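Engineer: Dropping the structure in here first, questions after.
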Amino acid sequence: MPYYLMRELSECMNFEAVRRDVVPVMVGQHYVDGNPDEVFAVCNQEAGIYKRFVIDGEMFGLRNGKIKVTKGMMAAWNESENVQMADLIRAAEQNSIIRDDCLISPMQDMIGFTVNEPGDSGLYVITNRAKTYGAAAIMLPGVEAELDEIFPDGHVILPSSVHEVLAVRKPDNLEDIERLSEMVRQINEMVVEPDEVLANEALVLRNGKMLSAEKEFARQMEAPQKRRSTGRTM
């Protein structure tokens, strides 16, 4: 490794030097379990999605690079500057808001031809501007509200990889949602690198949390039935 890069990377041990460049990314639960040397927080047990924190590598001359925040870094920060996990979370979320680092684009804008059915809102890609480790962009403020505008009847998130997610209109029945989850699993097995798999099922963004689309749809279907049952007993 070149000396200048070693010198710059050593600056990562100083939290104040990198505070403005700490941002969150998302990884799948299986990937978290297999990498004990990394720091993880803000997990959603139902969907098995974790946030991982990285330092934006552009400050070190690495184009679109990401330097993982490790336990070693956290230990050095805590020892020299008394940095807690809460400080890291606040810095990462604030940096994401300031940078407004989110792209929500129709798929045809990405690939150059239309994939929409007539009258359909189509398929949307959600990522960051670097299109690298961009899946976490879906957690930024305002994204959920924008999806509600694009898909007024509801949406489903297809976890393409840690680099981006896809959004489509919510199907009208549970069977179609299950088929979407199966499609996600098949694509993960055939195309996506194991350490870039985000999740193995269709998801939904609800109140700032990523939830299982199948479980959420089933819960919504059960609610009216419970109300009707309660009404009959009164």
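Engineer: For region 104-113, check the following and say yes or no: at least one residue is aromatic (F, W, Y) and at pLDDT 85 or above.
Structural biologist: no
Engineer: Let me ask something else. Quick check on K131: is it at pLDDT 80 or above and not assigned by TED's automatic domain parsing to the domain that holds A199?
Structural biologist: Criteria not met by K131.
Engineer: For region 64-89, how many residues are in contact (Cβ under 8 Å) with a residue 40 or more places away in the chain, surrounded by 16 or more Cβ atoms within 10 Å (Cβ to Cβ) and more than 15 Å from R20 (Cα to Cα)?
Structural biologist: Selection size over region 64-89: 2.
Engineer: Here is a follow-up. Run down V192, V165 and say which single residue is closer than 28 Å to Q94 by Cα and touching a residue at least 12 places away in the same chain (Cβ under 8 Å).
Structural biologist: V165 is the lone residue from the list that is closer than 28 Å to Q94 by Cα and touching a residue at least 12 places away in the same chain (Cβ under 8 Å).
Engineer: Return the only residue of I157, I177 being closer than 28 Å to V54 by Cβ and of a type in the set (V, I, T).
Structural biologist: I157
Engineer: Limited to region 182-201, what total is found for residues that are over 23 Å from V54 (Cα atoms) and either surrounded by fewer than 20 Cβ atoms within 10 Å (Cβ to Cβ) or of a type in the set (D, E) (or both)?
Structural biologist: The number of residues fulfilling the criteria is 10.
Engineer: Continuing with the same structure: Exactly one condition in (1) at pLDDT 80 or above; (2) of a type in the set (K, R); (3) surrounded by 15 or more Cβ atoms within 10 Å (Cβ to Cβ) is false for R52; which is it?
Structural biologist: Here R52 clears every test but (1).
Engineer: Taking the conditions exactly as written (assigned to a helix (DSSP H, G or I), within 27 Å of E146 (Cβ to Cβ) and modelled with pLDDT under 80), does N95 satisfy them or not?
Structural biologist: Yes, satisfied.
Engineer: Also: Quick check on region 145-181: of everything there that is touching a helix residue (DSSP H, G or I) at 6+ places or on another chain (Cβ under 8 Å) and among the charged types (D, E, K, R), which residue is surrounded by the fewest Cβ atoms within 10 Å (Cβ to Cβ)?
Structural biologist: Going through the qualifying residues, I end up with E178.
Engineer: So which strands (runs of 3 or more DSSP E) are wholly in region 157-212 and hold at least 1 residues that are within 18 Å of M107 (Cα to Cα)?
Structural biologist: Ranges flagged: 164-169.
The values are calculated or read from the model by the stated rules, or taken from the named source; none is laboratory data. Source: prediction; values computed, not measured. For neighbour counting, all protein chains shown are included, and Cβ atoms are generated from backbone atoms with ideal geometry for every residue, glycine included.
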